[in-house]
Amino acid sequence: MTLDGMGPGFAVVQDEAAEDERQRDEHASVVMRDVASRRRPRGHVITFANEKGGVGKSTLAFHCAVALAHLEMRVLVIDCDCRQRSLDRLLEARDATARTLKIALPRPRHAVLENQSGALLSQEIERAGAGSDFVLIDLAGHDSPTARRAVAMADTLVTPVNCSPTDLDALGWLNPVSRRFRQAGPFTEVVAALRQERVDRGLAPFDWVVAKNRVRHCEHRMIAAVDHNLATMARHIGFRTISGLSESIAYRELLAFGLTQFDLRLVPEVGAPRSAHLRELRGLIEALRLPQPGRMVPPARAPKADAPVLTQVAENYRKALRDASPARITAPA
């Protein structure tokens, strides 16, 4: 115990609280000056950010990364949530599926930002992303200096939101009776300040896209309320709204294997992709209005396994994948 009766952990808590306060007080000009002092990534940077958890941010980023890889783009993915590693685990599962089944899955390069700082984020992009057409950054669900710098360097900022009026609080608040805009949320204030700082420096503002995600199409009244609230906020805040991914078992069951609906054509024994979900995925990429790099990468090749994969191991893997496939799950009894 210390002389004042407090344990040594108390000082650590105080230090962490002071650091949190410093982060909140960090002015957008400081962040932009830091970002401007480093080399910009050559590829188009797409940052996925929302301080509210549980909005399907990593899942949306995963599907976007895979869709771009299927379009023969060079894609680098940086997972900035070094605790959860949700996005990186999905891509590791994808690598395992390609190795085990010896199939040519388009695979983005991916890395985890183990140590959090804007400088290390830039270094990791420079190290792993040489020649990338797109750099996708998936942020943890909280404010941090790294998160602010990832937003500041974005060309496209994607903010997924759940299809529920109460889940829009990170963006702002509306009067529940008049449904008029009251004020911006803390996350919006940070984003708006960084975007304005870019404009003040003579740079193009990033394209801020709010993706209405995990939609259940049977909830018509809820969807209508969310659409109204998002339209009201968009007029005051300055983002545009697109459709993300619907809440569907056809997406979820493939995630354990790092697969998407686009991949089912490469694994024909699992089942055919659903045309509705393919349209939804293509619509998502089109709605992002991403640039089309002129150079295309060679087609994906089946990976060479680090060690021979036993026939029985591969068959067990295929069986598990068939059991989890949407075609089997949704088949009538």
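The values are calculated or read from the model by the stated rules, or taken from the named source; none is laboratory data. All values derive from a computational prediction rather than experimental measurement. Note that we place each Cβ from the backbone using ideal geometry, even for glycine, and neighbour counts take in every protein chain shown.
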Go through the stretch 79-95 residue by residue and tally those that are in contact with a helix residue (DSSP H, G or I) (Cβ under 7 Å, 6 or more places away or on another chain) and loosely packed, with under 14 Cβ neighbours inside 10 Å.
0
On the given criteria, is residue 287 surrounded by fewer than 19 Cβ atoms within 10 Å (Cβ to Cβ) and not hydroxyl-bearing (Ser, Thr, Tyr)?
yes
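Suppose the filter is more than 23 Å from residue 32 (Cβ to Cβ) and surrounded by 14 or more Cβ atoms within 10 Å (Cβ to Cβ); does residue 173 pass it? Write out each step before concluding.
Values: more than 23 Å from residue 32 (Cβ to Cβ): yes; surrounded by 14 or more Cβ atoms within 10 Å (Cβ to Cβ): yes.
So residue 173 fits the description; yes.
Confirm whether residue 122 is of a type in the set (S, T, N, Q) and either within 30 Å of residue 233 (Cα to Cα) or in contact with a Gly (Cβ under 6 Å, 6 or more places away or on another chain) (or both). Full working, then the answer.
Details: of a type in the set (S, T, N, Q): yes; either within 30 Å of residue 233 (Cα to Cα) or in contact with a Gly (Cβ under 6 Å, 6 or more places away or on another chain) (or both): no.
Judged against the criteria, residue 122 is not a match.
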Among the candidates 194, 157, 139, which residue alone is in contact with a Cys (Cβ under 7 Å, 6 or more places away or on another chain) and surrounded by 20 or more Cβ atoms within 10 Å (Cβ to Cβ)?
139
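Conditions (1) of a type in the set (D, E, K, R); (2) in contact (Cβ under 8 Å) with a residue 40 or more places away in the chain; (3) over 16 Å from residue 55 (Cα atoms), marked per residue:
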residue: 209; (1), (2), (3): no, yes, no
residue: 221; (1), (2), (3): yes, no, yes
residue: 226; (1), (2), (3): no, yes, no
residue: 237; (1), (2), (3): no, yes, yes
residue: 285; (1), (2), (3): no, yes, yes
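How about the stretch 1-95: which helices (runs of 4 or more DSSP H) wholly inside it have at least 3 residues that are at pLDDT 90 or above?
Working: elements: 8-25, 28-36, 57-70.
It comes to 28-36, 57-70.
Listed here are the residues, each with its yes/no results for (1) part of a strand (DSSP E or B); (2) of a type in the set (D, E, K, R); (3) at pLDDT below 95.
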{"position": "141", "(1), (2), (3)": "no, no, yes"}
{"position": "151", "(1), (2), (3)": "no, no, no"}
{"position": "161", "(1), (2), (3)": "yes, no, yes"}
{"position": "170", "(1), (2), (3)": "no, no, yes"}
{"position": "179", "(1), (2), (3)": "no, yes, yes"}
{"position": "193", "(1), (2), (3)": "no, no, no"}
What are the residues in the stretch 234-273 that are in a loop (DSSP other than H, G, I, E, B), in contact with a Phe, Trp or Tyr (Cβ under 8 Å, 6 or more places away or on another chain) and of a type in the set (S, T, N, Q), if any?
260
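Sort out which residues of the stretch 96-136 are charged (D, E, K, R) and surrounded by 15 or more Cβ atoms within 10 Å (Cβ to Cβ), and write them in order of number.
Matches in the stretch 96-136: 99, 107, 109, 124, 133.
Inside the stretch 112-129, can you point out the residues that are in contact (Cβ under 8 Å) with a residue 40 or more places away in the chain and either hydrophobic (A, V, I, L, M, F, W, C) or more than 20 Å from residue 72 (Cα to Cα) (or both)? Spell out how you get there, then give the answer.
Restricting attention to the stretch 112-129, the residues satisfying the condition of being in contact (Cβ under 8 Å) with a residue 40 or more places away in the chain are 118-119, 121-122, 124-126, 128-129.
Of everything in the stretch 112-129, those that are in contact (Cβ under 8 Å) with a residue 40 or more places away in the chain and either hydrophobic (A, V, I, L, M, F, W, C) or more than 20 Å from residue 72 (Cα to Cα) (or both) turn out to be 118, 119, 121, 122, 124, 125, 126, 128.
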Residue check for residue 62: under 17 Å from the mean Cα position of the chain (by Cα), touching a residue at least 40 places away in the same chain (Cβ under 8 Å) and more than 18 Å from residue 259 (Cβ to Cβ)
no
From 215, 158, 191, 209, which residue is touching a Phe, Trp or Tyr at 6+ places or on another chain (Cβ under 6 Å), β-branched (Val, Ile, Thr) and on the phi < 0 side of the Ramachandran plot?
158
